[in-house]
Amino acid sequence: MSSSRVSRHGIDGRRPGRRAAPGALRQGPEADRDGDGAGPGAGADGPGPSRWRGRRRRGGEEPMVPRAEFGSYYGRPVIKAPSWSAADIAGYFFLGGLAGAGSVLAAGAQLTSRTRTATALKVSSTAAISLSAAALVHDLGRPERFANMLRVFKPTSPMSVGSWLLSAYGPAAGAAALSAVTGRLPRAGAAATAAAGLLGPAVAAYTGVLAADTAVPAWHGAHRELPYLFTASATAAASGMALVLGPTAQTGPARHAAVLAAGAERALTAAVERRLGMVAETYRTGRAGTLMRCARLLTTGGAVAGAVLAGRSRPAAVLSGLALLAGSACTRFGVFAAGLASAEDPLYTVGPQRAALSAAGGTDRTSGDGAGRQE
């Protein structure tokens, strides 16, 4: 057994001074390295020259416990990022918007006797919605999964509403294109054109509602603006398609629509970033930031070139149309990349919630004097 005697007065009768700091009984270089006052010069009169006393002499007390910073369990995401394929789902967003907005422009061209432009847009909308549905089915894995979504109609589910919307819009767009190409059944073709034109805005916008209905911070936080942003982007794409396929003399409405769509897309993107706050970083950095910058340059450049040059030059019309199409695709892929980035970083999930609680007068356990704990 050890020969040391321990009592309430300390070891072997040794008692620290009344002003001794915690840890004054510690001896040796370890105590000095820790800076707790037990190093050279420490004794009964108080702690020695430690970092704590040095900070106090320089003015203002420092908290004993450093301010806690955010962290998650082993740094893992708080929510599960969508398992969607970027090529499938972002392509599905873009192609569906192109089809829906294209049907609206086709109906307008039909009413104003721009038949060649109307026919070109009807065919392109049918091709776009077919490719969009193929991309969706490919991401689902099996075609019967899409059919299973039609077993019920649930108005509160964007996926259910979207499935029924595509099922109604696709045949209408196909019938309108078939009648325009063959010249047969003009009355039925006109009715199909009107039906596709009426359903077109919903087809262009509902994918924004679908994305915003998830828990992904970069999408859900912008649930008010995202459907309108998708609609503006879809209008720019459809205008670009009209410039590429339509005769130069018949592209006047498409050129004006492209300018309006480019301005609306720019304003809505800024509104999304203002609303998202710190989460807006996902739209400005990384892959999403690169895509969104490319989208701004291509959409603005295509709209300006279309308004100034496309009415006089066929090559200029084609180039401006391709720029508008590419800009719209970059917007959809950029929004998709921003969503994935926000889901993978737990800070973008918890940070806005804490900011909302703080703004509402709640108490953040990690704020104050640093005595809070990490969550």
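The values are calculated or read from the model by the stated rules, or taken from the named source; none is laboratory data. The model shown is predicted, which means the values in this text are computed figures rather than measured ones. Don't worry about glycine lacking a Cβ; one is built from the backbone with ideal geometry, like all the others, and counts go over all protein chains shown. The accessibility values were calculated without ligands, DNA or RNA, using every heavy atom of the protein model including side chains. Shrake-Rupley method; radii C 1.70, N 1.55, O 1.52, S 1.80 Å.
Structure notes:
- Taking (1) assigned to a helix (DSSP H, G or I); (2) at pLDDT below 95 in turn, GLY327 satisfies each apart from (2).
- Residues of the stretch 301-320 classified as over 15 Å from ALA249 (Cβ atoms) and small (Gly, Ala, Ser), total: 6
- Picking from residues in the stretch 170-187 that are open to solvent by 60 Å² or more (accessible area, probe 1.4 Å) and at negative phi, the one that is farthest from the chain's Cα centre (by Cα) is ARG184.
- Unique match (being of a type in the set (A, V, I, L, M, F, W, C), farther than 24 Å from SER85 by Cβ and open to solvent by 20 Å² or more (accessible area, probe 1.4 Å)) among ALA341, ALA280, ALA249: ALA249
- Residues that are surrounded by fewer than 12 Cβ atoms within 10 Å (Cβ to Cβ) and assigned to a loop (DSSP other than H, G, I, E, B) within the stretch 144-169 comprise ARG151, VAL152, PHE153, PRO155, THR156, listed in sequence order.
- Cβ-Cβ under 8 Å pairs, at least 6 apart or on other chains, the stretch 275-297 side over 15 Å from PHE336 (Cβ atoms), far side part of a helix (DSSP H, G or I) and of a type in the set (Asp, Glu): ALA280/GLU273; ARG284/GLU273
- Meets criteria (more than 19 Å from ALA264 (Cβ to Cβ), open to solvent by 80 Å² or more (accessible area, probe 1.4 Å) and part of a helix (DSSP H, G or I)) for LEU322: yes
- The single condition from (1) modelled with pLDDT of 95 or more; (2) among the hydroxyl-bearing types (Ser, Thr, Tyr); (3) surrounded by fewer than 21 Cβ atoms within 10 Å (Cβ to Cβ) that THR285 fails is (1).
- Filter pass, ALA212 being of a type in the set (A, V, I, L, M), closer than 22 Å to LEU136 by Cβ and touching a residue at least 60 places away in the same chain (Cβ under 8 Å): no
- Residue match in the stretch 131-143 (condition: assigned to a helix (DSSP H, G or I), polar (S, T, N, Q), open to solvent by less than 60 Å² (accessible area, probe 1.4 Å) and at pLDDT 90 or above): yes
- For the condition in contact (Cβ under 8 Å) with a residue 60 or more places away in the chain, surrounded by 24 or more Cβ atoms within 10 Å (Cβ to Cβ) and touching a Lys or Arg at 6+ places or on another chain (Cβ under 8 Å), THR207 does not qualify.
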